[in-house]
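Peer 1: Okay, handing you the structure first.
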Amino acid sequence: MLAAHGWSADMIGWLAALNTAGSVAFLMAGTPLIYRLGSIRSLQAGMAVGVIGALMLTLPLDLAALAGSFLMGLCYGPSVSGGGDILQRLSPPQHRNLIFSIKQAGVPLGGVLAGLGLPFAAASLGWQGAIFAVALLPVLTILVVQPMRERLDVNRDRTHRLSAATFLSLSNLTRPLAVLGKAPGLTAVGLAGCFMALGQGAWFAFLVTYAAIELHFPLPLAGALFAAMQTVSIGGRMLLGFVSDRMVPGLTVLRLCCLASATTTGVLALSGPHWPVWSLFLLAATAGIAVSSWNGVQNAEMARRAPPGMIAETMAGGTILIFVGYIVGPPLFGAVALISGGMGTAFLLNAAATLLALIPLAWLGIRKSA
């Protein structure tokens with residue numbers, strides 16, 4: 001797409017940021033949709049919007065690509081509030097961290113399929129054809145979950161009115177963040193997620209480009225590097241969920257992940273084309289746990305602390321803070337890479353920013369001791 005549109009690499013940062021901005025827009029304003037339609041129907045509606053956004057990427061207009069990225073972000077939004085609502089209602093408390101982590105493992109699973117499949121699909125179908133193929137997946141998912149709809153959306157409020165005024169009212173827009181102040185520790189856990197998302201967002205948005213441009217990997221090999229990270233993350237998220245349920249408290253797991261994420265990102269910043277290919281795949285696999293596996297534990301911590309009856313708003317508010325990291329991180333990363341003439345400096349600064357997560361996590365530990 002860079003070649004077809006004549007874009008520079010920093011355009012990736014803007015596309016990634018707009019994608020996340022779309023998710024934040026839903027998380028801020030979309031809670032009434034969850035109440036009115038139910039969680040399953042909201043997920044289906046989100047995926048339909050995502051299909052439209054994906055298809056817009058095939059149009060020969062920069063504005064269409066930017067708008068499409070925003071719509072695909074809207075697609076992801078319901079999976080946070082709606083998905084969190086379903087899991088909090090149905091999962092046994094003693095296994096909740098693991099179950100939330102299994103849900104979050106779906107994200108890197110998609111990354112694996114993309115990293116392994118899209119380069120080859122683009123080679124055989126063209127990059128536009130690859131996007132059309134990908135757009136079929138959410139369509140199939142919409143159909144597969146339909147039989148569950150009536151049973152899981154039985155508590156939806158059919159009297160809840162939906163209008164532009166409802167979505168855009170100040171009380172609705174501020175509710176997801178306001179609820180974070182209604183229970184101890186919610187804001188601190190959310191802020192920790194925000195800073196850790198700075199590191200994760202840089203890996204997700206720039207790893208393939210970094211491998212292709214600065215490490216001189218062929219595109220399929222660069223995609224395989226991304227897939228390696230995401231493959232390990234599938235098991236890593238479930239592993240950390242199990243560990244935080246059975247062995248080590250969730251907050252301790254998050255602190256260890258913060259340190260490991262910053263270290264791994266710092267090592268990536270020092271890498272170069274002279275490094276053996278196996279060492280870079282080992283580093284990507286390490287990042288699958290260190291950088292990319294904390295989300296389920298963080299989500300479960302947010303859900304555990306949520307005020308009664310406000311799980312959807314709590315999950316939305318916590319995820320908004322995470323997505324602030326995703327929105328701010330990639331454009332800043334791209335700007336630093338552009339100014340410094342390479343991505344190494346950007347990754348070093350990104351590692352330092354990730355360490356900021358230790359501040360709210362340390363405050364939680366001090367508060368608990370007090």
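Peer 1: Starting from the Kirkwood Rh over alpha-carbon pairs, what translational D in µm² s⁻¹ does the range 78-134 have by Stokes-Einstein at 37 °C and 0.692 mPa s?
Peer 2: 247 µm²/s
Peer 1: Considering the options 253, 178, 291, tell which one lies farthest towards the positive end of the dipole of the chain, charges being +1 on Lys and Arg and -1 on Asp and Glu at the Cβ, about the Cα centre.
Peer 2: Farthest towards the positive pole: 178.
Peer 1: Roughly what % of Cα-Cα distances in the range 172-270 sit above 19 Å, to the whole percent?
Peer 2: Beyond 19 Å sits 57 percent of the P(r) for the range 172-270.
Peer 1: In the chain, if the dipole is taken from +1 on Lys/Arg beta carbons and -1 on Asp/Glu beta carbons about the Cα centre, which of 234, 128, 317 is farthest to the positive end?
Peer 2: Positive-most Cα among the choices belongs to 317.
Peer 1: Give me the number: length gained by fully extending residue 259 to residue 363, i.e. 0.36 nm times residue separation minus the C-alpha to C-alpha distance, one decimal in nm.
Peer 2: Numbers: separation 104, 0.36 × 104 = 37.44 nm, distance 1.61 nm.
Full extension from residue 259 to residue 363 adds 35.8 nm.
Peer 1: Continuing with the same structure: How big is the range 34-156 in terms of Cα radius of gyration and Dmax, in angstroms?
Peer 2: Every Cα atom of the range 34-156 included, Rg and Dmax give 16.1, 51 Å.
Peer 1: Compute the distance in nm between two label points, each set 7 Å from the Cα along the Cα-to-Cβ direction, one at residue 151 and one at residue 125.
Peer 2: 3.2 nm
Peer 1: Expressed as a whole percent, how much of the Cα-Cα distance distribution for the chain exceeds 37 Å?
Peer 2: So the pairs more than 37 Å apart make up 16 percent of the total in the chain.
Peer 1: Can I ask one more? Between residue 61 and residue 95, what's the calculated FRET efficiency when r is the beta-carbon distance and R0 is 45 Å? Round to 0.05.
Peer 2: Taking R0 as 45 Å, the efficiency between residue 61 and residue 95 is 0.45.
Peer 1: Starting from 0.36 nm per residue, how many nanometres of slack lie between residue 335 and residue 162 once their C-alpha separation is accounted for?
Peer 2: Values: separation 173, 0.36 × 173 = 62.28 nm, distance 4.00 nm.
Going from the current span to full extension adds 58.3 nm.
Peer 1: For the range 194-303, what relative contact order do you get, as a whole percent, if you take Cα pairs closer than 8 Å and at least 6 residues apart?
Peer 2: Relative contact order, the range 194-303: 40 percent.
Peer 1: Can you sort 144, 277 by 1.4 Å-probe accessible area, starting with the largest?
Peer 2: So the residues, ranked largest to smallest area, are 144, 277.
Peer 1: How much length is gained if the chain between residue 4 and residue 247 is pulled fully straight, taking 0.36 nm per residue apart and subtracting their Cα-Cα distance, in nm to one decimal?
Peer 2: Residue separation times 0.36 nm, minus the Cα-Cα distance, leaves 82.4 nm.
Peer 1: Residue 174 to residue 274: FRET efficiency via 1/(1 + (r/R0)^6), r the Cβ-Cβ distance, R0 45 Å, to the nearest 0.05?
Peer 2: 0.30
Peer 1: Would you list the membrane-span-like helices of the chain, meaning whole DSSP H runs whose alpha-carbon atoms span at least 18 Å along their axis and whose mean Kyte-Doolittle value is at least -1.0? Working shown, then result.
Peer 2: Numbers: long enough: 10-29 (29 Å, 1.27); 39-56 (26 Å, 1.30); 62-90 (43 Å, 0.74); 96-145 (42 Å, 1.49); 186-213 (40 Å, 1.60); 219-246 (40 Å, 0.96); 250-270 (30 Å, 1.56); 277-290 (19 Å, 1.95); 311-340 (43 Å, 1.63).
Taking the DSSP H segments of the chain (at least 18 Å long, mean hydropathy at least -1.0), we get 10-29, 39-56, 62-90, 96-145, 186-213, 219-246, 250-270, 277-290, 311-340.
Peer 1: Express the C-alpha Rg of the range 1-93 as a ratio against the empirical globular expectation 2.2 N^0.38 Å, rounded to two decimals.
Peer 2: 1.24
Peer 1: Taking the Cα centre of the range 192-324 as the origin, how large is its charge dipole in debye, to the nearest 20, when only Lys and Arg (+1) and Asp and Glu (-1) carry charge on their Cβ atoms? List each step's numbers first, then the result.
Peer 2: Working: 5 positive and 4 negative charges, 49 e Å.
For this selection, approximately 240 debye.
Peer 1: Using a 1.4 Å probe on the protein chains only, how many percent of the accessible area of the chain belongs to carbon and sulfur?
Peer 2: 74 percent
Peer 1: Return the calculated 222 nm mean residue ellipticity for the chain, to the nearest 500 deg cm²/dmol, obtained by summing -39500 (n - 2.57) across DSSP H runs with n ≥ 4 and dividing by the residue count.
Peer 2: After summing the helix terms and dividing by residue count, I get -27500 deg cm²/dmol.
Peer 1: In whole Å, what is the distance between the alpha-carbon centres of the range 13-29 and the range 135-156?
Peer 2: 23 Å
Peer 1: Accessible area per residue of the chain at 1.4 Å probe, in Å²?
Peer 2: Per residue, the chain has an accessible area of 43 Å².
The values are calculated or read from the model by the stated rules, or taken from the named source; none is laboratory data. If you're wondering where the values come from, they're calculated on a predicted model, not measured in any experiment. For neighbour counting, all protein chains shown are included, and Cβ atoms are generated from backbone atoms with ideal geometry for every residue, glycine included. Side chains included, ligands, DNA and RNA excluded: accessible areas come from the protein's heavy atoms. Shrake-Rupley method; radii C 1.70, N 1.55, O 1.52, S 1.80 Å.
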